[in-house]
Amino acid sequence: MPRFFAPLLLLCLTTFNAHADSYITRLLNKPVPGGVAVIDLGSAAQAPKATYQGKPVLVVKEQNNWLAIVGVPLTVKPGSQQISSGGRNLPFTVGNKKYPEQHITLKNTQQVNPNPANLKRIEGELAEQIKAYRSFSPNTPSNLLLDKPVNGPLSSKFGVRRFFNGEERNPHAGLDFAVPAGTPIKTPAAGKVILTGNYFFNGNTVFVDHGQGFISMFCHMSKIDVKVGDQLARGAVVGKVGSTGRATGPHMHWNISLNDARVDPAIFIGAFQP
Ligand SMILES: [Zn+2]
């Protein structure tokens, strides 16, 4: 084939693929570390079950097709991955994404190198929060395209590699919005409050289960306005923006988790940048 035909052919293939993909796939399929993989599970009469790394995965129906919405942990290396469904292994490819670095200076050195008493507290709190992330309720989320919990500019992106006083700690597992203290935080989809707490790093925190392991977490709040067991309508206020825990100032921090993997919330508000 003459070389000059290649760009035209590529264009045709790209156009074809865009039309073949479902709306949810086009919206959410960002298969990178810290992203989301959307995998077609076919058109069975009953909802198929699927697992990834041994954990149950969110399955939704679009028109006649079932789709697995898989959270890809930040720790996954680019390359081939697979989910299991109905005794079959379904492969997908994880691409590359480079996350920037951020250097933060903290006056409170306990927030960088905690003493044994604080370490013990942190360990207990982490276990409690991981348990919440691993809970899996049967209901289907009210919406996958999420509302922004607050109106304001983004201040820190998901996945940023963070160095506190020169020491590398866990990467940024959520998205920050620059909004004043006291701003109401609204749940971006309907859900049930499954955990609240006042944690060493996260401060005042609320977990909302949107269904099937699709979970929002809000932290550093000045005030919590809900309690465990509350059923929230889409847009209900969960609390107010603050700077409790390890925060250098008031902001709204929002995590999204799928199958116990923290993924980029920007994907769900149409603000993902490859
Ligand atoms: Zn944050």
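The values are calculated or read from the model by the stated rules, or taken from the named source; none is laboratory data. Being a predicted model, the structure only gives us computed values, none of them experimental. Please note: Cβ atoms are built from the backbone with ideal geometry, for glycine as well, and neighbour counts cover all protein chains shown.
Go through Gly71, Gly87 for me and flag whichever is under 22 Å from Tyr133 (Cβ atoms) and either modelled with pLDDT under 95 or not assigned by TED's automatic domain parsing to the domain that holds Phe163 (or both).
Being under 22 Å from Tyr133 (Cβ atoms) and either modelled with pLDDT under 95 or not assigned by TED's automatic domain parsing to the domain that holds Phe163 (or both) holds for just one of Gly71, Gly87, which is Gly71.
Being within 16 Å of the ligand (Cβ to nearest atom), surrounded by fewer than 18 Cβ atoms within 10 Å (Cβ to Cβ) and at pLDDT 95 or above is the requirement here; does Ser222 meet it?
yes
Filter region 146-161 down to the residues that are of a type in the set (A, V, I, L, M) and part of a loop (DSSP other than H, G, I, E, B) and list them by number.
Leu146, Val150, Val160
Just wondering, is there one or more residues in region 133-149 that are over 25 Å from Asn29 (Cβ atoms) and either within 16 Å of the ligand (Cβ to nearest atom) or among the hydrophobic types (A, V, I, L, M, F, W, C) (or both)?
There is no residue in region 133-149 that is over 25 Å from Asn29 (Cβ atoms) and either within 16 Å of the ligand (Cβ to nearest atom) or among the hydrophobic types (A, V, I, L, M, F, W, C) (or both).
Looking for something part of a loop (DSSP other than H, G, I, E, B), surrounded by fewer than 17 Cβ atoms within 10 Å (Cβ to Cβ), of a type outside the set (Phe, Trp, Tyr) and within 16 Å of the ligand (Cβ to nearest atom) - is there at least one such residue anywhere in region 196-215?
Residues of region 196-215 that are part of a loop (DSSP other than H, G, I, E, B), as a first pass: 200-202, 212-213.
Those still in the list that are surrounded by fewer than 17 Cβ atoms within 10 Å (Cβ to Cβ) too: none.
No, region 196-215 contains no residue that is part of a loop (DSSP other than H, G, I, E, B), surrounded by fewer than 17 Cβ atoms within 10 Å (Cβ to Cβ), of a type outside the set (Phe, Trp, Tyr) and within 16 Å of the ligand (Cβ to nearest atom).
Within region 232-274, take every residue that is assigned to a loop (DSSP other than H, G, I, E, B), away from the ligand (no atom under 16 Å from the Cβ) and aliphatic (A, V, I, L, M) and give me the one that is farthest from Ile69 (Cα to Cα). Steps first, please.
If we filter region 232-274 for residues that are assigned to a loop (DSSP other than H, G, I, E, B), which is where we start, we get 233-236, 241, 243-250, 259-260, 264, 270-274.
Right, trim to away from the ligand (no atom under 16 Å from the Cβ) and you get 233-236, 259-260, 270, 272-274.
Those still in the list that are aliphatic (A, V, I, L, M) too: 233, 236.
Values: Ala233: 22, Ala236: 25 Å.
Filtering region 232-274 for residues that are assigned to a loop (DSSP other than H, G, I, E, B), away from the ligand (no atom under 16 Å from the Cβ) and aliphatic (A, V, I, L, M), the one farthest from Ile69 (Cα to Cα) comes out as Ala236.
Could you please find all residues in region 170-187 being more than 11 Å from the ligand (Cβ to nearest atom), in a strand (DSSP E or B) and surrounded by 22 or more Cβ atoms within 10 Å (Cβ to Cβ)?
Within region 170-187, Ile185 is the sole residue that qualifies.
Sort out which residues of region 171-202 are under 26 Å from Lys120 (Cβ atoms) and either polar (S, T, N, Q) or within 19 Å of the chain's Cα centre (by Cα) (or both), and write them in order of number. Even if it seems obvious, please write down each step before you answer.
In the first step, residues of region 171-202 are kept if they are under 26 Å from Lys120 (Cβ atoms); the result is 171-174, 194-202.
Within region 171-202, Pro171, His172, Ala173, Gly174, Ile194, Leu195, Thr196, Asn198, Phe201, Asn202 meet the criteria.
For region 61-90, which positions are small (Gly, Ala, Ser) and in contact (Cβ under 8 Å) with a residue 12 or more places away in the chain?
If the condition is that a residue be small (Gly, Ala, Ser) and in contact (Cβ under 8 Å) with a residue 12 or more places away in the chain, then Ala68, Gly71, Gly79, Ser80, Ser84, Ser85, Gly86 are the ones that fit.
Given the criteria in a strand (DSSP E or B) and within 16 Å of the ligand (Cβ to nearest atom), does Gln102 qualify?
When the stated conditions are applied, Gln102 passes them.
Consider Asn143 against the criteria (1) modelled with pLDDT of 95 or more; (2) in a loop (DSSP other than H, G, I, E, B); (3) within 26 Å of Gln110 (Cβ to Cβ): it satisfies all of them except one. Which criterion is unmet?
(3)
Can you tell me which of Glu128, Glu123 is of a type outside the set (Val, Ile, Thr), assigned to a helix (DSSP H, G or I), without any contact (Cβ under 8 Å) to a residue 24 or more places away in the chain and assigned by TED's automatic domain parsing to the domain that holds Arg262?
None of the others qualify; the one that does is Glu123.
Taking Glu62 as meeting all but one of (1) at pLDDT below 95; (2) touching a Gly at 6+ places or on another chain (Cβ under 9 Å); (3) surrounded by 13 or more Cβ atoms within 10 Å (Cβ to Cβ); (4) of a type outside the set (Val, Ile, Thr), write down the number of the exception.
(2)
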